[in-house]
Amino acid sequence: MPRRNVLRLDAPESYYHVYARGVSKRKIFLDEQDYLTFLQILERYLSSEEVRDKNGISYPNFYNKVDLLAFCLMPNHYHLFLYQRQQKTLTSLMQSIMTSYSRYFNKKYKRTGPLFESRFRASLITDDSYLQHITRYIHLNPKRWRDYEYSSLPYYLQRDTVSWLRPERVLELFPNPIAYEKFVAD
């Protein structure tokens with residue numbers, strides 16, 4: 001049976017809504033350290049600085065190949081809004097992220113087997129209205145979205161900044177961060 005939103009169109013210079021859920025809808029984040037580790041993995045692969053493992057071997061670096069525009073980590077799934085500059089880099093990035101996190105999670109909780117129900121799903125965003133509304137959808141995932149600490153919303157509201165998250169592409173559609181917050185709340 002065909003799977004919906006499995007990456008089929010791998011286009012350069014394109015926007016994607018990427019998401020994945022835990023196997024059998026199980027939680028993939030059990031405590032704060034799990035969320036923080038996933039964020040560190042995003043930073044590892046998307047930072048402008050090359051990151052090396054304990055043996056001095058460089059991790060793949062996707063800076064200026066894929067831009068992370070927004071994210072939200074929920075207990076049993078995650079959402080990423082990505083802009084792929086070069087063809088095939090999105091798939092490589094997602095394999096790196098999901099493999100790294102699955103290894104961490106399985107080792108920490110002394111388990112084996114898949115953590116995610118399938119490979120990641122990706123929706124190519126070609127419609128301007130979808131492009132404008134996808135970050136709102138992502139940021140509204142948690143019930144208490146204004147205070148949720150595992151989403152990119154604080155970066156959109158300029159409460160914090162990190163080099164591996166690039167909200168500018170979306171924020172330039174709004175006169176200021178307050179206008180963006182009103183858009184999300186509307």
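Brief remarks follow.
- Leading residue by the ranking (farthest from the chain's Cα centre (by Cα)) among those in region 5-40 that are of a type in the set (Val, Ile, Thr) and within 16 Å of PHE81 (Cα to Cα): VAL6
- Taken over region 102-114, the residue count meeting the criterion of being open to solvent by less than 70 Å² (accessible area, probe 1.4 Å) and either modelled with pLDDT under 95 or on the phi > 0 side of the Ramachandran plot (or both) is 1.
- The one condition from (1) farther than 22 Å from PRO142 by Cα; (2) in a helix (DSSP H, G or I); (3) within 13 Å of the chain's Cα centre (by Cα) that TYR101 does not meet is (1).
- From the options PHE62, PHE29, PHE81, residue that is buried (at least 19 other Cβ atoms within 10 Å of the Cβ), out of contact with any Pro (no Cβ under 9 Å at 6 or more places or on another chain) and part of a loop (DSSP other than H, G, I, E, B): PHE62
- All told, ILE97 meets the bar of being free of Cβ contacts under 8 Å to residues at least 60 places away in the same chain, out of contact with any strand residue (DSSP E or B) (no Cβ under 6 Å at 6 or more places or on another chain), crowded, with 17+ Cβ neighbours inside 10 Å and of a type outside the set (Asp, Glu).
- The residue of region 8-26 that is nearest to THR89 (Cα to Cα), among those that are open to solvent by 40 Å² or more (accessible area, probe 1.4 Å) and of a type outside the set (Phe, Trp, Tyr), is PRO12.
- Yes/no for LEU90 being closer than 28 Å to ARG136 by Cβ, touching a strand residue (DSSP E or B) at 6+ places or on another chain (Cβ under 8 Å) and in a helix (DSSP H, G or I): yes
- Selected residue [closer than 18 Å to LEU124 by Cβ and among the hydrophobic types (A, V, I, L, M, F, W, C)] from MET74, MET94, MET98: MET94
- Restricting attention to region 49-91 and to residues that are at pLDDT below 95 and of a type in the set (A, V, I, L, M), the residue that is nearest to GLY22 (Cα to Cα) turns out to be VAL51.
- Once region 84-94 is narrowed to residues that are of a type in the set (A, V, I, L, M) and more than 16 Å from ILE28 (Cβ to Cβ), the residue that is surrounded by the most Cβ atoms within 10 Å (Cβ to Cβ) is LEU90.
- Within the span defined as region 147-159, one or more residues are basic (Lys, Arg) and modelled with pLDDT under 95.
The values are calculated or read from the model by the stated rules, or taken from the named source; none is laboratory data. Predicted model, so just to flag it, every value in this text is computed and none were measured. Here the Cβ is made from the backbone with ideal geometry for all residues, glycine too, and neighbour counts use every protein chain on show. Protein only, heavy atoms only, side chains kept; ligands, DNA and RNA dropped before computing areas. Shrake-Rupley method; radii C 1.70, N 1.55, O 1.52, S 1.80 Å.
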